Amino acid sequence: MKQYLLSVHMVEGEEQPPEEVMQRAYRDVEAFNERLRASGEWVFAGGLHPANTATVVQIKDDEVLTTDGPYAEAKERIAGFWIVRAADLDRALALAADGSRACGGPVEVRPFEDEPGD
């Protein structure tokens, strides 16, 4: 089965939902995670701290440069993700729909590149 990245997106500066909405999303996401585990499609998942906690590392002229903050200058950020095994793109899209319903945000689907020899 092919692996897919299901990334949850948020827009910086948007108002946080009320606490009861957040708690329901946490419960719904955990239930979704359990369904992924039970189906054998779970690989890994995680939520991310805000983009302002990022550090960018880059090699330039054999020197390591580090800068604070996100690499991309955009308001849209990845807030969390799932890595899943799915039989095909249609199944990955169905999983993304369930993930979006659970977390209440948009979910982008991207396939991993095939390993050499696959």
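Every number here is computed from the coordinates shown, using simple stated rules; none is lab data. Nothing here was measured: the structure is a model prediction, and the numbers come from that model. Cβ coordinates were reconstructed from backbone atoms using ideal geometry, including for glycine residues, and neighbour counts include every protein chain displayed.
Summarising the amide proton neighbourhood of residue 79: residues at separation of 5 or more, or on other chains, whose placed amide H is nearer than 5 Å comprise 8, 9, 10.
When the Cα gyration tensor is reduced to axis lengths a ≥ b ≥ c, the ratio a/c is 1.5 or higher for the chain, and with a/b not above b/c it is classed as oblate. Sequence-ordered 3J(HN,Hα) estimates for the stretch 102-107 from the Karplus curve with 6.51, -1.76 and 1.60 and θ = phi - 60° stand at 5, 8, x, x, x, 10 Hz, glycine and proline given as x. Distance between the C-alpha centres of the stretch 1-55 and the stretch 70-89: 10 Å, rounded to the whole angstrom. Amide H to amide H, with H built 1.01 Å from N, residue 2 comes under 5 Å of 86, counting only residues 5 or more places away or on other chains. When the chain is treated as a GNM, springs tying every alpha-carbon pair under 10 Å, which of 99, 46, 80 comes out with the largest mean-square fluctuation? Answer for the Gaussian network model of the chain: 46. Summing +1 for each Lys or Arg and -1 for each Asp or Glu, what net charge is found among the other residues whose Cβ lies under 11 Å from the Cβ of residue 42? It works out to a net charge of +1.
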